[in-house]
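Beneath this line is the structure, given in structure tokens, with notes to follow.
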Amino acid sequence: MSREDKLSSVPATAKQDGDSDPHGGVEPAVWTARMLAALERGVKGGVWFSLMDKVYAPRNLQAAFKRVARNKGGAGVDHESVDMYASNLEANLQRLHEQLRDDSYRPQAIRRHNIPKPGSKQMRPLGIPTVRDRVAQTALRNVLEPIFERDFAEHSYGFRPKRGCKDALRRVHGLLRDGHRWVVDADLASYFDTIPHDKLMALVERKIADGRVLKLIRAYLEQEVVGDMEQWSPETGTPQGAVISPLLANLYLDPLDHLMVERKFEMVRYADDLVILCKNEHEAQQAHQTLQQWVEQAGLRLHPEKTRVANLNEPREGFDLGAAPLRRDESVRCRALGELMISAGGCWA
């Protein structure tokens, strides 16, 4: 076996996709027993070095392509579909392996496509990377996700292993039954497009010290975007639709999650949709103020027309978590939010 294959070999007892494991998002093609042990006990200084060879390891790239193929999704700016990439798979993955290994890999531009926003007349911008870049991003996510996932807050549910909209709504339902009838219904304005790159990278660097991996992440953040009539290089944000974006988006809001736990506020977050459930108006106003201060310091913005404090004891009062309406006279449902994830996730591996 090559050195890369030896590094990513997995013992027979390794967990497979879908099995219960204590480390969310573990890809067996990457995470050896030795690496899992290091993840469990913690690495020196809490910072991981020498990860790039795990990213471009042949077994990881093969596993990454399988995920991309399962997800399907459209072609990027190069017009190459998943089936076209698969028709010469061995050569394509070998070329990608060599490019990542010798630092000649450069991500191509992202094709921007607008899709309808469920329950609204508005459109949501969706970024579609090329198949090659989706494979590389998935390989990168396979390496990074368990490292960050280990310390993510309990009450964040969006785009995390073994969690989903039903879990988020189940917790909301439980809090409502326990008397949390005041809610801070918050909307982060254009969240994915406004995440400050430098502040995001500072959070990544708390745990990742491999310069080549950091360079790769920044290259994805700065990928050119091609729209219908324009092309630009973003200075903020991470594209919705890019494989690595949900992990980075969760990472940026993770300090907010932990702040709310520390302040004993009951926040439920699904990606960039969040609600804070409280037992009285005073607590709700305090939670809103805490949220507002954190958002401003983080370089983000609450939507002024979609963020409010509501009393669910009032007739016909309610709020939305994603696209799922929650009202005092309704049982909690996740069908609408589930439809939202299907439509928005068309290009995520």
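The values are calculated or read from the model by the stated rules, or taken from the named source; none is laboratory data. In this text the structure is predicted, and so the values were computed from the model without any measurement. Because the Cβ atoms are built from the backbone with ideal geometry, glycine has one as well, and the counts that use them run over all protein chains shown. The area values use the complete protein model at the heavy-atom level, side chains included, leaving out ligands, DNA and RNA. Shrake-Rupley method; radii C 1.70, N 1.55, O 1.52, S 1.80 Å.
Listing for the model above:
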{"item": "Added length on full extension, which subtracts the Cα-Cα distance from 0.36 nm per residue, residue 313 to residue 80", "result": "78.5 nm"}
{"item": "Computed E for residue 263/residue 203 - FRET, C-beta separation, R0 22 angstrom, nearest 0.05", "result": "0.65"}
{"item": "Exposure ranking of 35, 123 by accessible area [1.4 Å probe, largest first]", "result": "123, 35"}
{"item": "Using a Förster distance of 56 Å, the FRET efficiency for residue 279-residue 212 (Cβ separation, nearest 0.05)", "result": "0.70"}
{"item": "Rounded, prolate or oblate (a/c below 1.5 giving rounded, otherwise prolate when a/b exceeds b/c) for the range 89-148 by Cα gyration tensor", "result": "prolate"}
{"item": "Centroid-to-centroid separation of the range 92-160 and the range 255-302 [C-alpha atoms, Å]", "result": "27"}
